[in-house]
C-alpha cells in the first residue's frame with residue numbers, strides 16, 4: 001500500500017507542477033474541521049441497515065419524512081432535520097413491523113444465537129445476548145451497561161405480560177429501532193492526542209462517518225471492532241480499514257448513493273410528463289433512466305477507474321429496451337441491461353445528455369433551456385443561481401405554439417427583453433440552449449415547430465455547438481471537478497466545508513487533479529486524512545464562528 | 001443514395017445501416033422496421049350499409065314458444081338465463097338435438113343482416129372490374145373503395161358489417177366496435193405481435209423496388225403512456241419461418257403496395273388461432289411521424305373465421321346478437337375465393353384489415369446481436385443527416 005501511495009504521489013508531482021495549485025511535497029494543510037453533526041438516517045440507509053443486520057428479506061413498510069436539500073445535498077439536509085410527532089408514529093409502525101419479522105418463526109433460528117429456556121417466558125440471559133449484539137450494530141457502538149439493562153428489563157416485562165419470550169424481544173427491539181440513537185447518527189468528539197488542543201471524532205463516530213460515506217450503511221463488525229480496539233485511531237489501522245472498504249463491492253452502493261444525492265434523483269419519484277406530448281414516458285422508463293446514469297457513473301468511475309471529467313463526454317452507457325426507444329437505438333436484450341456505445345459525432349455524450357438529466361430538468365410538456373442551464377450551473381458546477389423574482393411573466397416562454405417564436409431560443413430571447421429576467425437568463429440559457437436538440441423527455445430532435453434548432457451554446461467565455469460541445473466544456477472547466485470535490489466532502493461530513501477548511505479543500509482539488517481525477521483516489525485521500533475527522537471548537541473566544549461556508553467553486557456566489 | 005449514407009451517420013442507426021443491406025434487401029437502400037399496432041377487419045361505416053339495422057338478439061320467447069314450451073316453462077328458463085337448461089333450449093335445437101353452432105346446417109335460417117351499401121375498405125383482389133367468376137373466384141358484387149378506388153372486394157365486410165358487435169361509429173371508422181376494439185386490445189396487451197420490415201428504400205416517397213417482410217414477433221408490444229403502442233421499441237422476429245413472408249413491393253407517392261403473397265400468422269386462440277391469408281396485398285401510406293397507416297387486403301379461409309366465432313356458441317347467440325345458422329349461410333353464400341374443384345363452393349372470402357404500424361427496430365434471429373432495421377421521421381434526425389438532405 002505504501003508503494004501505491006508513493007506512486008500516486010510521484011505521478012501527482014508532474015500534474016501539480018502544471019497546475020501550481022499546491023507545491024509538490026507539501027503535506028496536507030491544516031484544517032480547522034467543522035462542527036460535529038447529528039444526521040437522521042435516510043430511507044435508503046434505514047433499509048440498508050436493516051438488510052445488513054437482519055437480512056434483506058425483512059420488509060420495511062411505512063412512509064418516511066422527506067429529506068431536505070441543503071447546500072446541494074440531502075446528506076447535508078439530514079443534519080438539520082428532526083422527527084415530527086407524525087413521523088414518529090411512522091417510525092414506530094415501521095419498527096414494530098421489522099421487529100415482528102425478526103422474531104417470527106421463519107427468522108428467529110437464523111438471527112438468534114441462543115434459545116430461551118422457555119419460549120413462553122422471559123429469559124434474561126438470552127435476551128441480553130441478542131440485544132447486546134443487535135444493539136451494538138444498531139447504535140453503531142456497544143450499548144452501555146445501563147442501556148442494555150434497560151432493554152433487557154423491557155424484554156423481560158413484555159415477555160411476562162405477553163407470555164412469549166420472542167414478543168418480549170420484539171418489544172425491546174422496536175424501542176431500539178425508534179430510538180434517536182439509531183435514527184440519528186450522532187457524532188461525538190474527543191481531544192486529539194496527536195494534535196494537542198484540537199478535537200477529533202471518537203473512534204465509533206469515525207467508523208460511522210466512514211461507513212456511511214463509503215458504503216451508505218452502518219459499520220460492519222470488522223469496522224466496529226477496529227473502532228473498539230483503537231485501531232481506527234492509528235494511521236495504519238485506518239488505512240487497513242479504508243483499503244478493505246474501498247475494495248469491497250459495497251463501495252458501489254456508496255458511490256451510487258452519493259451521485260443519486262448530488263444529481264437530485266430524489267425528484268425522480270415525483271417526475272411527471274404529459275402523456276399526450278411524451279407518450280413514451282412511464283414510471284418504469286424513469287426508473288431505468290436513473291439507473292442508466294448510475295450504471296454509467298459506476299462503470300466509468302469504479303469498474304474502469306476512469307477520469308471524472310470524462311463523465312461529461314463518455315459515449316459508453318447502458319440501456320434497457322425502454323431506454324432504447326428514447327435514444328432510438330436497438331436494444332437486443334429482452335429483460336435486463338446491455339452496454340451501448342454511441343458513435344463518434346453523436347450528440348449523446350456525457351451524463352448531461354442522458355434521459356435522467358434531460359427529463360428531470362424539463363417541464364411536463366416541453367424542454368427547458370432555463371432549467372437545464374440552471375441545473376448545469378447548480379448541480380454540475382456548484383454555482384448558485386438566484387431565484388427568479390415573484391412577478392415574472394412567463395407567458396412568452398410557455399407559449400410553445402407561437403408561430404412567430406417557434407423555438408425555445410426565439411422565446412427565451414424575447415423573454416430576456418424583460419430587464420428583471422435578463423441578468424439570470426444570460427448566465428443559464430446559453431448553457432441550456434445547447435441541449436435543445438433533446439425534447440422534454442430526452443428524445444433527439446433537430447426541429448421545433450418546423451423550425452431548425454440552433455444548439456449553439458455558451459458557458460462563461462467558451463462558445464460551443466450542441467450537447468457534445470457542452471460536454472467538452474464541462475470536461476475542461478475546473479469548476480466541474482472542484483464541484484465534485486466540494487460535494488463529495490460535504491456529503492461525507494454532513495455539512496458544507498467551512499472557512500477553516502478552505503486550504504484543505506484547495507489541497508483536495510489539487511490532489512484530485514494529480515490523481516488523474518480518479519474518484520476512488522479522491523475518496524481515499526479524504527477518508528485517510530485527519531481533516532475529515534477534525535472537529536472544530538464551537539466558537540472562537542471573540543464570539544465569531546468558523547462554520548462559514550466555503551464557496552464550492554470559484555464561481556459560486558458570483559452568478 | 002445520399003440519404004442512405006446520411007443515415008449511416010445517425011445515432012444508433014449506424015449498425016442498422018450496415019446490416020440493413022443484407023440478404024433480403026431488394027436493392028441498396030434504407031431499411032425500416034415497424035410493429036403493427038392495429039390489425040382488425042376494416043368494416044366501413046356508411047349511412048346506408050345496414051338498412052334493416054344491425055343484428056339483434058334472437059327473440060327467445062318466440063323461439064321457445066315455437067318449440068312448444070309453456071309460459072311457465074319459458075318463465076322458468078328466463079329466471080336462469082345462464083343455466084344449462086336455457087342453453088340447451090337455445091342451442092340444441094337441430095333436427096336431432098344438435099347444437100346449432102356446432103352443426104349450423106341442421107337448421108335453415110337466413111335471418112342475418114348483410115351489408116347493402118356500395119362503399120367499402122379494401123382492394124381489388126380478383127383483378128376484375130365487375131366481380132364475375134374466374135378460375136380462382138366466384139361471382140360477387142364489388143364495392144367502391146372508401147379511398148376512391150374502384151372494384152373493391154370485401155365480402156367479409158358484406159357478411160359481418162351489420163353484426164351488432166362489429167359495427168362501430170362513423171367517426172371512428174368502425175374501429176370502436178366492441179368486437180373489433182376488444183380483439184385489438186388483446187394484441188396490444190401482448191397476445192401476439194406482428195412486424196413489418198421494408199428494405200431497399202431509396203425514398204419513402206418513391207421507390208420502385210423494395211422488399212417487404214411480414215413477421216410474427218416474439219416480444220409483447222410495449223404500450224406507451226397515452227394508451228398507444230410505443231414507437232421505436234426493439235422487437236425480435238420469430239424463428240419459425242411458417243409465420244412470415246417476404247414479397248416484392250414498391251412505393252409510389254408515399255404509398256407502399258406489394259405483389260400478392262400468402263401469409264400465415266398465429267393469432268388469438270380464443271377466436272381465431274391462425275390467420276391463413278391468400279393472395280394478400282399490402283397498401284399502406286408512410287405518415288409524417290414515421291408510422292404506417294393503411295390496409296392489408298387478402299382472401300381468408302372463411303370456415304375458420306366462422307368456426308372461430310361459432311365455438312363461443314352461447315356467448316355468440318345470447319350475448320353478441322349472433323346467429324350461427326344464418327351467419328354460416330351468409331358466409332357460404334358470400335364467399336368469393338378459391339372455389340372447391342368438386343363442388344364449386346368458394347372456400348375463401350375477400351377481406352380487408354385496417355393496419356397501423358409504428359416504427360420499431362427489428363432483430364432477425366439468425367443475426368443474433370445487431371439490429372436489422374431503423375426508422376426516423378424528419379424532425380428527429382440528427383443535424384448532420386438533416387443538413388445533408
- Message: Considering only residues that are touching a strand residue (DSSP E or B) at 6+ places or on another chain (Cβ under 7 Å), away from chain A (no Cβ under 14 Å) and more than 24 Å from residue B:276 (Cβ to Cβ), which ones fall in the stretch B:224-255?
- Response: B:250, B:251, B:254, B:255
- Task: Go through the residues of the stretch B:327-336 one by one and say whether even a single one is modelled with pLDDT of 90 or more, touching a strand residue (DSSP E or B) at 6+ places or on another chain (Cβ under 6 Å) and closer than 30 Å to residue B:174 by Cα.
- Result: yes
- Among A:473, A:498, A:485, which is the only one that is under 17 Å from residue A:372 (Cβ atoms) and crowded, with 20+ Cβ neighbours inside 10 Å? A:473
- For the stretch A:383-397, state whether one or more residues are at pLDDT 90 or above, within 28 Å of the chain's Cα centre (by Cα) and surrounded by 19 or more Cβ atoms within 10 Å (Cβ to Cβ). yes
- Query: Does the stretch A:170-189 hold any residues that are touching a strand residue (DSSP E or B) at 6+ places or on another chain (Cβ under 8 Å) and crowded, with 19+ Cβ neighbours inside 10 Å, and which are they?
  - Reply: A:183, A:185, A:187, A:189
- Note on the structure: How many residues of the stretch B:284-306 are surrounded by 19 or more Cβ atoms within 10 Å (Cβ to Cβ) and closer than 16 Å to residue B:271 by Cβ? The answer is 5
- Within the stretch A:465-494, tally of residues that are outside any helix (DSSP H, G or I) and either at positive phi or at pLDDT below 95 (or both): 2
- Can you confirm whether the stretch A:290-306 contains a residue that is assigned to a helix (DSSP H, G or I), in contact with a helix residue (DSSP H, G or I) (Cβ under 9 Å, 6 or more places away or on another chain) and within 10 Å of chain B (Cβ to nearest Cβ)? no
- Query: Here are some residues: A:322, A:271. Which one is within 14 Å of chain B (Cβ to nearest Cβ), without any contact (Cβ under 8 Å) to a residue 60 or more places away in the chain and in contact with a helix residue (DSSP H, G or I) (Cβ under 6 Å, 6 or more places away or on another chain)?
  - Reply: A:322
- Message: Being within 14 Å of chain A (Cβ to nearest Cβ), under 27 Å from residue A:321 (Cα atoms) and in contact with a helix residue (DSSP H, G or I) (Cβ under 8 Å, 6 or more places away or on another chain) is true for just one of B:221, B:195, B:265. Which residue is that?
- Response: B:221
- Query: Which is touching a strand residue (DSSP E or B) at 6+ places or on another chain (Cβ under 6 Å) and not assigned by TED's automatic domain parsing to the domain that holds residue A:402, of A:496, A:502, A:510?
  - Reply: A:496
- outside the structural domain of residue B:151 (by TED's automatic domain parsing), at pLDDT below 90 and more than 34 Å from the chain's Cα centre (by Cα), is that true of residue B:66? no
- Identify the residue in the stretch A:330-346 that is more than 8 Å from chain B (Cβ to nearest Cβ) and part of a loop (DSSP other than H, G, I, E, B) and, among all such residues, is modelled with the highest pLDDT. A:337
- Counting residues that are touching a helix residue (DSSP H, G or I) at 6+ places or on another chain (Cβ under 6 Å) and in contact (Cβ under 8 Å) with a residue 60 or more places away in the chain, which helices (runs of 4 or more DSSP H) fully inside the stretch A:104-211 reach at least 2? A:124-139, A:165-177
- Task: Given the conditions (1) farther than 30 Å from residue A:194 by Cβ; (2) buried (at least 18 other Cβ atoms within 10 Å of the Cβ); (3) away from chain B (no Cβ under 14 Å), report the number of the one that residue A:317 does not fulfil.
- Result: (3)
- Task: State yes or no: is residue A:203 buried (at least 17 other Cβ atoms within 10 Å of the Cβ), modelled with pLDDT of 95 or more and either outside the structural domain of residue A:400 (by TED's automatic domain parsing) or within 30 Å of residue A:69 (Cβ to Cβ) (or both)?
- Result: yes
- Message: For the stretch A:411-423, check the following and say yes or no: at least one residue is over 24 Å from residue A:278 (Cβ atoms), buried (at least 17 other Cβ atoms within 10 Å of the Cβ) and modelled with pLDDT under 90.
- Response: yes
- Message: Scan the stretch A:468-478 and tell me whether some residue there is within 14 Å of chain B (Cβ to nearest Cβ), touching a residue at least 12 places away in the same chain (Cβ under 8 Å) and more than 30 Å from residue A:187 (Cα to Cα).
- Response: yes
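The values are calculated or read from the model by the stated rules, or taken from the named source; none is laboratory data. Only a predicted model underlies this, so the values are computations on that prediction, with no experimental measurement involved. Heads up, the Cβs are rebuilt from the backbone with ideal geometry, glycines too, and the neighbour counts pull from every protein chain shown.
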